[in-house]
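Structure first, then comments.
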Amino acid sequence: MLRARAVVENLKEYHPPLGRREGLRLDFNENVGGCSPRVLRVLASISTEVLNKYPEREVGELAVAEYLGVAIDRLLLTNGVDEAIHLLCETYLEPGDEALIVVPTFSLYEIYALATGAKVVNVQTGDDFAFPTRRVLRAITPATKLIMLATPNNPTGAVAARADLLAIAAAAPHAALLVDEAYWDFHGETLIDQIGAVPNLFIARTFSKAFGLAGFRVGVLIGDEAQMKMVRRVGSPYNVNGVALACLTEALQDREFITSYVTQVREGRTRLEQFYGQRSIPFWPSRANFVLAYFGSYRKPLVEEMRRRGILVRDRNSDPGCAGCVRITVGTRPQTDRLLRELSEAFAAVGFQPQPRPVESSSTQPATPTAPGSQVAAGAGEVRR
Ligand SMILES: Cc1ncc(COP(=O)(O)O)c(C=O)c1O
């Protein structure tokens, strides 16, 4: 009988949302305001040639290289940051190696790393979800071959300091360090200027968030040119589709769209944080386009009540250290107006009373490995986006 590799048979099933997401989708950190109208115009005029020929990635790479101020041989367009993560795992991890991640975080780090047969070492953040620099440094071993960190992190919105990330890169010269800047547009700090100077550093950016192009599946991986040569070897030359490539230049040029959207998100983020603060609801200050808050035993009824009101929010209860937590994406100004109005009404409808968050022992736990062949730590069959 045909059998998949043991590590694959033991991986939790990956169930991305394939439907039933009607309403205001504040659950997946997408740009819920749409995308640049200029992209829609290009899309409407796509020629048959764009469809019948294999896509030419280099044209898009030149445009993105110019946009980011990075040399083209240091950059690879990918099928979303998802693929960038996958390629790094394929390039640097062998069975028995260690991949180091800080949890809670984006679930695909763990899934793609485990699928290679590597062991995943989880460094749990403390109760404040602050980036645990010292614990990450302590968890590095000679077997660490890949370290994957998101800043701002998902689902917490917390950021890692530049100096700390550079210290980690320096402490693990034998490991690739991925700094996932998927939410960079809402934060503004980057390590992109260190590419080349730090030979084991990689940065990932996406067009799925601020640009509103999650459906196109375009991300970019940036790294030292010698390393990028290796990464390109494991990928498909046609990984980014021609329609997305045809629209990318226009998306990059419409700075007004991005500036306006990012401004609205930042304002909305402050309003949501103030809303929580005024009601004594524990929340974690965020630098991304979402805010994580603690609703304790009211979490489930609140998520359901919001769904009844046509707003999807994200239950993060099963993420490590996130019991009782809900993450809400921030969108445009009118969407935030609606969100805050509906949240107030939902609180009244479920009789919500803010609860202090119990201090968990997570901050004192040692780094915990998820060995290949064991189950992924995420909630059953759930993908953490
Ligand atoms: C931290 C982080 N990295 C990467 C991604 C995936 O990005 P993409 O849509 O480019 O695959 C997400 C999506 O939610 C994310 O939260």
Query raised in the report: Filter region 217-226 for residues that are touching a helix residue (DSSP H, G or I) at 6+ places or on another chain (Cβ under 9 Å) and more than 10 Å from the ligand (Cβ to nearest atom); which is farthest from Asp73 (Cα to Cα)?
Result: Leu221
Report task. Check whether at least one residue in region 31-53 is in contact with a strand residue (DSSP E or B) (Cβ under 8 Å, 6 or more places away or on another chain) and either buried (at least 18 other Cβ atoms within 10 Å of the Cβ) or at pLDDT below 95 (or both), and report yes or no. Result -> yes
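Condition check ((1) among the polar types (S, T, N, Q); (2) free of Cβ contacts under 8 Å to residues at least 12 places away in the same chain; (3) over 29 Å from Arg135 (Cβ atoms)) across all residues:
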residue: Ala160; (1), (2), (3): no, no, no
residue: His174; (1), (2), (3): no, no, no
residue: Glu181; (1), (2), (3): no, no, no
residue: Leu191; (1), (2), (3): no, no, no
residue: Ile195; (1), (2), (3): no, no, no
residue: Asn200; (1), (2), (3): yes, no, no
residue: Phe207; (1), (2), (3): no, no, yes
residue: Ala210; (1), (2), (3): no, no, yes
residue: Cys247; (1), (2), (3): no, no, yes
Report summary line: Considering region 181-216, residues that are within 11 Å of the ligand (Cβ to nearest atom) and part of a loop (DSSP other than H, G, I, E, B), and then whichever is nearest to Gly60 (Cα to Cα), we arrive at Phe207
Report summary line: Residues in region 138-180 that are crowded, with 24+ Cβ neighbours inside 10 Å, within 11 Å of the ligand (Cβ to nearest atom) and either modelled with pLDDT under 95 or within 22 Å of Asp224 (Cβ to Cβ) (or both) total 6
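Quick one: which of Val59, Val64 is surrounded by 11 or more Cβ atoms within 10 Å (Cβ to Cβ), modelled with pLDDT of 95 or more and within 20 Å of Val220 (Cβ to Cβ)? Break it down stepwise before answering.
Numbers: Val59 fails: modelled with pLDDT of 95 or more.
Testing whether each residue is surrounded by 11 or more Cβ atoms within 10 Å (Cβ to Cβ), modelled with pLDDT of 95 or more and within 20 Å of Val220 (Cβ to Cβ) leaves just Val64.
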Requested in this report: Residue by residue through region 107-119, note down the ones that are within 14 Å of the ligand (Cβ to nearest atom) and either touching an Asp or Glu at 6+ places or on another chain (Cβ under 7 Å) or not assigned by TED's automatic domain parsing to the domain that holds Val159 (or both).
Outcome: Leu108
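Within the group Arg299, Arg271, which residue is closer than 14 Å to Asp27 by Cβ and not aliphatic (A, V, I, L, M)?
Testing whether each residue is closer than 14 Å to Asp27 by Cβ and not aliphatic (A, V, I, L, M) leaves just Arg299.
Check Gly235, Gly223, Gly215 and return the single one that is among the small types (Gly, Ala, Ser) and within 22 Å of Thr329 (Cβ to Cβ). Give the steps one after another, and end with the answer.
Values: Gly235 fails: within 22 Å of Thr329 (Cβ to Cβ); Gly223 fails: within 22 Å of Thr329 (Cβ to Cβ).
One residue alone meets the criteria, Gly215.
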Report task. State whether the residues of region 119-132 include one that is under 28 Å from Arg5 (Cβ atoms), among the hydrophobic types (A, V, I, L, M, F, W, C) and out of contact with any Ser or Thr (no Cβ under 9 Å at 6 or more places or on another chain). Result -> no
**Report entry** Positions within region 65-101 being within 13 Å of the ligand (Cβ to nearest atom) and among the β-branched types (Val, Ile, Thr), in sequence order
**Finding:** Thr78, Val81, Ile85, Ile101
Report summary line: Okay, helices (runs of 4 or more DSSP H) sitting entirely in region 217-313 with 2 or more residues that are surrounded by 19 or more Cβ atoms within 10 Å (Cβ to Cβ) and more than 23 Å from the chain's Cα centre (by Cα), I get 242-253, 299-308
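The values are calculated or read from the model by the stated rules, or taken from the named source; none is laboratory data. Computed from a prediction, not measured in an experiment: that's the story for all the values here. Glycine gets a Cβ as well: all are built from the backbone with ideal geometry, and neighbour counts include every protein chain shown.
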